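**Student:** Can you keep this structure in mind? I'll have questions shortly.
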Amino acid sequence: MFVKKLEKMRRILIPTDFTIDSLQLVEYAILNFPDTKLDIVLIAGYRLPDTRWGITHFSEREQIREQLSDKFKDAKRRIVLEHKKNIETVSFELFTGVNSFAFQNFLEQMNSVDAVVPKKKALHCPNNKWFDTTEFIKNNVKNVIEAPVELTEKPTEKKFSLISLFNL
Amino acid sequence: MQLRTKITSIFIVLTSLFLTGIFVLIYYFSKTYTESEFYLRLSQRATIAAQAYLEGDEINLDIYDDIRIRHLQTLPNEKEVIYPVDAESKKPLVKMDKSLPERFYQEIFSDEYAELKKDDYYYTGLLYHDNEGDFIVVLSATDLYGFGKLDNLRNILIITFFISIIFIFILGRYYAKQALSPISKIIREVNSIRAESLSLRLDTVNGKDELTQLAKTFNNMLDRLQISFDLQNNFINNASHELRNPLTAILGQTEIALNKARSEEEYHSILKNIDREAARLDFLVNGLLKLAQTDFDSKGFLIEAIRLDEMLLNIKQNLDVAIPSNRIELNFEALPEHENAITLMGSESLLKVALGNILENACKFSNNKKVSVKIVSDAGYILLTIKDEGVGIPEDELKNIYEPFFRASNVRKIEGFGFGLPLAYRIIKMHSGEIRVVSQINKGTLVKIKLPNKELEYLEELKL
C-alpha cells in the first residue's frame with residue numbers, strides 16, 4: 001500500500017497556560033498542517049525573580065514541572081497518542097523576557113516561523129509570575145494561525161490564597 | 001431552623017466547650033502554682049521561726065526577730081506554734097491543736113514535712129531536730145494576695161469568655177452566610193431558569209469542591225432538559241418543514257400529470273420524480289424516527305459487546321457502496337493487544353448510525369478528500385479520531401452543530417437535513433461517551449469521540 005510521505009518536520013509555537021483547554025491549539029495545529037510531522041513547542045511566559053537568591057536558584061524545568069497537573073499530563077499524553085503520526089514531540093519552553101526584542105532573540109533560538117494562537121483571550125495564567133505570550137507571538141512570528149479555543153471551565157481564582165479560602 | 005442559624009449555633013457550642021476547657025485549665029494551673037508558691041513561703045517562714053525560737057539560746061533572739069520583722073514580710077494572719085515531740089516514738093509531748101486532722105501530724109512524723117489547707121488557712125508543718133530535743137513547728141497563714149490574684153484571673157477569664165462568644169457569634173454568623181452564599185446563589189439562578197430560558201447555565205468555577213459539583217450536576221441536568229425541550233419545541237416545526245418539501249414536489253408532479261393527457265415518456269419521467277421524492281421522504285421519516293427513538297431511554301435496544309474496529313470496517317464497506325469515491329483511511333496501527341480495550345457495550349445498530357453519519361459527513365463536506373480515522377485505547381477509553389480536510393465549520397456556528405436541523409452557513413448548498421451529527425451526539429451520550437469537534441474553515445474538521453471500553457466497565461463493576 002502506498003503511504004504518502006510526511007513533509008519534513010515543522011516546529012510550531014503554541015502559547016500555553018497549562019490548562020487542558022489550551023491543548024485544543026495543538027489539535028488546530030494538526031488540522032492546519034496535515035501530512036506534516038510537528039515539533040510542538042508550548043510556550044509560557046515567566047517573570048524572572050528579582051532577588052539574587054531567586055535568580056541563582058531559578059530552574060526552568062522545575063517551574064514548568066510545578067505547573068503540570070495530572071489531568072494536563074493525561075490530556076497531553078492522549079493527544080500525542082491520537083496523533084502519533086503528526087506529532088514528533090511536545091516540549092515546553094519558558095520565555096522570561098519582558099519585551100519584543102527579547103522575544104525576537106527567543107524566537108531565533110526556537111528557529112520557528114509558525115505558530116498557533118487563540119483568537120480571543122483564552123489563556124489565563126495561574127498567578128502574576130506567569131504571563132500570556134500570545135501577543136508576543138502574534139507580533140513577532142511570521143506565520144500565525146488564530147484558532148478558536150472553547151473554554152470548558154472558567155479560570156479558577158488564585159490557588160491556595162487566603163482570599164480564596166474565604167471567598168466561597 | 002435555618003441552616004445558617006444551625007451552623008452558627010454548632011460553631012458557638014463547640015467553641016464555647018473548647019474555650020471553657022482551656023480557661024478551666026488556665027485557672028486550675030494558676031491556682032496550683034499560687035498555692036505551691038505560698039506553701040514554699042510558709043515552709044521557709046516555719047524554718048526561720050524554728051531557728052528563731054529553738055536556737056535562741058545559742059544566738060541572740062532579738063537579732064532574729066529584728067531580721068524577721070524588718071526584712072521578711074509577715075504573712076497575713078500568720079500564726080506559728082511549736083510542739084515538743086518524741087520523733088522516735090512519734091508521740092507529742094504536749095497537747096496539740098485538735099482542730100487539725102491527725103493525719104497531718106502523722107505525715108510530719110513520717111516525711112518531716114506536711115501541707116494542709118483548711119478553709120482559708122494554709123498550714124505547713126515541719127519536724128525540727130535540735131540539741132534540746134525534737135519539735136514540730138506548725139505555721140499557718142491566709143494567702144490574701146493569692147486569693148485576690150485568682151479572683152482577678154477568674155473574672156478576666158469569665159469576661160474574656162463572654163466577649164469571645166460574642167465575637168464568635170458575629171464571625172460565625174458572617175462566615176455561615178458566606179459559606180452558604182453559593183447555595184443561595186444557586187437557588188436564585190435555578191429559580192430564574194424557566195422553560196423559555198433553558199439555555200441559561202449556572203456559573204461554575206474550576207474547582208473540586210462540593211458546590212462546584214452541585215452546579216455542574218445542575219448544568220448537566222439542564223443540558224438534558226434543554227435537549228428534550230428543544231426537540232419538543234423544534235421537532236414538529238422542523239419536521240413539518242422538511243416533510244413538506246418532498247410532499248410539495250410530489251403534489252406538484254401529480255398535478256402536472258393530471259393537468260392533461262401526457263405521453264408515456266412524460267408519465268415515466270413524472271413517476272421517476274415522484275419515486276425520487278418519495279425515497280427522500282422515506283429517508284427523512286426513517287431518520288426522524290431514529291432521532292426520536294434516541295431520546296427515550298436505552299430500553300428496547302439490544303446491548304451487546306461491540307468491537308469498534310470491526311464496526312468501522314463494516315461502516316467503511318457500506319460507505320464504499322454508497323459513496324464509491326470516498327477516501328476513508330482507517331488507521332489501526334495503534335490497536336491494543338487486548339480485545340477488551342477496543343470492545344464496548346452498546347447498541348450496534350445505533351452506534352453504526354452514529355459513526356456512519358460522522359464518516360458520511362466527513363466525506364460529504366470534504367468533497368471526498370482524504371478522511372483519516374484512527375482508533376486508540378487509553379486508560380479505560382476508546383479514542384476515535386476522524387479527521388477530514390473539508391470545508392470546516394464557521395467558528396461561531398460550532399456551538400449549534402448538535403441542534404437538530406441546524407446546517408452550517410457554508411454547507412447549505414450541499415444536500416442534507418441536519419440531523420446526522422445531532423443524532424450521533426445523542427447516541428454517543430447514550431453510551432456514556434463524549435464527542436468534541438475541532439474545526440477551521442477551509443482547513444478541515446477533527447471529530448474526537450471518547451467511549452468507555454469493556455475494561456473500564458469491568459473495573460467499575462469491581463469497585464462496586
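The values are calculated or read from the model by the stated rules, or taken from the named source; none is laboratory data. All values derive from a computational prediction rather than experimental measurement. We place every Cβ from the backbone using ideal geometry, glycine too, and count neighbours over all the protein chains shown. Each accessible area value is taken on the protein alone, full model and side chains, heavy atoms only, with ligands, DNA and RNA left out. Shrake-Rupley method; radii C 1.70, N 1.55, O 1.52, S 1.80 Å.
**Student:** Do any residues in the stretch B:212-224 that are touching a residue at least 24 places away in the same chain (Cβ under 8 Å) and within 12 Å of B:Ile186 (Cβ to Cβ) have Cβ atoms under 6 Å from those of residues that are surrounded by 15 or more Cβ atoms within 10 Å (Cβ to Cβ) and not aliphatic (A, V, I, L, M), where the two are at least six apart or on different chains, and which pairs are they?
**Tutor:** Filtered contacts from the stretch B:212-224: B:Ala215/B:Thr204.
**Student:** I would also like to ask the following. Which condition number in (1) of a type in the set (Val, Ile, Thr); (2) over 14 Å from the mean Cα position of the chain (by Cα); (3) within 14 Å of chain B (Cβ to nearest Cβ) is the one that A:Val113 fails?
**Tutor:** The single condition A:Val113 does not satisfy is (3).
**Student:** So which residues in the stretch A:13-34 are among the aromatic types (Phe, Trp, Tyr) and at the interface with chain B (Cβ under 10 Å from one of its Cβ atoms), if there are any at all?
**Tutor:** Selection gives A:Tyr28, A:Phe33.
**Student:** Return the residue satisfying two criteria in turn: it lies in the stretch A:102-128 and is touching a residue at least 40 places away in the same chain (Cβ under 8 Å) and farther than 20 Å from A:Ile40 by Cβ, and of such residues it is least open to solvent (accessible area, probe 1.4 Å).
**Tutor:** Result: A:Pro126.
**Student:** Still on this model: Would it be correct to say that A:Ala44 is in contact (Cβ under 8 Å) with a residue 60 or more places away in the chain and within 14 Å of another protein chain (Cβ to nearest Cβ)?
**Tutor:** No, not satisfied.
**Student:** Yes or no: the stretch A:51-73 includes at least one residue that is closer than 25 Å to B:Ala379 by Cα, charged (D, E, K, R) and in contact with an Asp or Glu (Cβ under 7 Å, 6 or more places away or on another chain).
**Tutor:** no
**Student:** Moving on to the next point. Out of the stretch B:321-344, which residues are in contact with a Leu (Cβ under 7 Å, 6 or more places away or on another chain) and in a strand (DSSP E or B)?
**Tutor:** B:Ile328, B:Leu330, B:Leu344
**Student:** Then there's this: Would you tally the residues in the stretch B:258-270 being in a helix (DSSP H, G or I) and either under 14 Å from B:Thr248 (Cα atoms) or open to solvent by 100 Å² or more (accessible area, probe 1.4 Å) (or both)?
**Tutor:** Adding up the residues that qualify gives 6.
**Student:** Restricting to the stretch B:271-311, name every residue that is assigned to a helix (DSSP H, G or I), modelled with pLDDT of 70 or more and farther than 23 Å from B:Ala322 by Cα.
**Tutor:** B:Leu271
**Student:** In the stretch B:345-366, how many are open to solvent by less than 10 Å² (accessible area, probe 1.4 Å) and either free of Cβ contacts under 8 Å to residues at least 12 places away in the same chain or part of a strand (DSSP E or B) (or both)?
**Tutor:** Qualifying residue count for the region: 2.
**Student:** Looking at (1) open to solvent by 40 Å² or more (accessible area, probe 1.4 Å); (2) in contact with a Cys (Cβ under 7 Å, 6 or more places away or on another chain), which is the one condition that is false for A:Phe131?
**Tutor:** Among (1) open to solvent by 40 Å² or more (accessible area, probe 1.4 Å); (2) in contact with a Cys (Cβ under 7 Å, 6 or more places away or on another chain), the lone unmet condition for A:Phe131 is (1).
**Student:** In the stretch B:153-186, what residues are open to solvent by 40 Å² or more (accessible area, probe 1.4 Å) and over 30 Å from B:Lys31 (Cβ atoms)?
**Tutor:** Initial filter on the stretch B:153-186 (open to solvent by 40 Å² or more (accessible area, probe 1.4 Å)): B:153-156, B:158-163, B:166-167, B:169-171, B:173-175, B:177-178, B:181, B:183-185.
Correct list: B:Ile170, B:Leu171, B:Arg173, B:Tyr174, B:Tyr175, B:Lys177, B:Gln178, B:Ser181, B:Ile183, B:Ser184, B:Lys185.
**Student:** Out of B:Tyr121, B:Tyr145, report the one residue that is under 60 Å from the mean Cα position of the chain (by Cα) and under 30 Å from B:Tyr27 (Cα atoms).
**Tutor:** Of B:Tyr121, B:Tyr145, the one residue that is under 60 Å from the mean Cα position of the chain (by Cα) and under 30 Å from B:Tyr27 (Cα atoms) is B:Tyr145.
**Student:** For A:Lys121, are the conditions met, namely being in contact with a strand residue (DSSP E or B) (Cβ under 9 Å, 6 or more places away or on another chain) and of a type in the set (D, E, K, R)?
**Tutor:** No.
**Student:** Please give the number of the condition B:Asn131 fails out of (1) modelled with pLDDT of 90 or more; (2) touching an Asp or Glu at 6+ places or on another chain (Cβ under 9 Å).
**Tutor:** (1)
**Student:** I'd like the full set of residues that are within 14 Å of chain A (Cβ to nearest Cβ), among the charged types (D, E, K, R) and not in a helix (DSSP H, G or I), limited to the stretch B:157-207.
**Tutor:** Once the filter is applied, which keeps residues that are within 14 Å of chain A (Cβ to nearest Cβ), among the charged types (D, E, K, R) and not in a helix (DSSP H, G or I), the stretch B:157-207 yields B:Arg201, B:Asp203.
**Student:** I'd like the full set of residues that are surrounded by 12 or more Cβ atoms within 10 Å (Cβ to Cβ) and not hydroxyl-bearing (Ser, Thr, Tyr), limited to the stretch B:19-36.
**Tutor:** Matches in the stretch B:19-36: B:Leu19, B:Ile22, B:Phe23, B:Ile26, B:Lys31, B:Glu35.
**Student:** Next up: Out of (1) in contact with a Lys or Arg (Cβ under 8 Å, 6 or more places away or on another chain); (2) free of Cβ contacts under 8 Å to residues at least 24 places away in the same chain; (3) in a loop (DSSP other than H, G, I, E, B), the odd one out for B:Lys98 is which?
**Tutor:** B:Lys98 satisfies all of (1) in contact with a Lys or Arg (Cβ under 8 Å, 6 or more places away or on another chain); (2) free of Cβ contacts under 8 Å to residues at least 24 places away in the same chain; (3) in a loop (DSSP other than H, G, I, E, B) except (1).
**Student:** While we're here: Condition (residue is in contact with a Phe, Trp or Tyr (Cβ under 8 Å, 6 or more places away or on another chain) and either modelled with pLDDT under 90 or within 30 Å of B:Lys370 (Cα to Cα) (or both)) applied to the stretch A:49-59: is it met by at least one residue?
**Tutor:** yes
**Student:** Has the stretch B:367-388 got any residue that is open to solvent by less than 40 Å² (accessible area, probe 1.4 Å), within 11 Å of chain A (Cβ to nearest Cβ) and free of Cβ contacts under 8 Å to residues at least 12 places away in the same chain?
**Tutor:** Yes, the stretch B:367-388 has at least one match.
**Student:** Counting just the residues of the stretch A:58-106 that are under 17 Å from A:Leu13 (Cβ atoms) and charged (D, E, K, R), which one comes out nearest to the other protein chains (Cβ to nearest Cβ)?
**Tutor:** A:Lys76
**Student:** Residue under question is B:Leu335, and the condition is that it be farther than 17 Å from B:Thr445 by Cβ and open to solvent by 10 Å² or more (accessible area, probe 1.4 Å); does it hold?
**Tutor:** yes
**Student:** Filter the stretch B:405-439 down to the residues that are in contact with a strand residue (DSSP E or B) (Cβ under 6 Å, 6 or more places away or on another chain) and within 15 Å of B:Glu389 (Cα to Cα), then identify the one that is nearest to the other protein chains (Cβ to nearest Cβ).
**Tutor:** Per the criteria, the residue is B:Val438.
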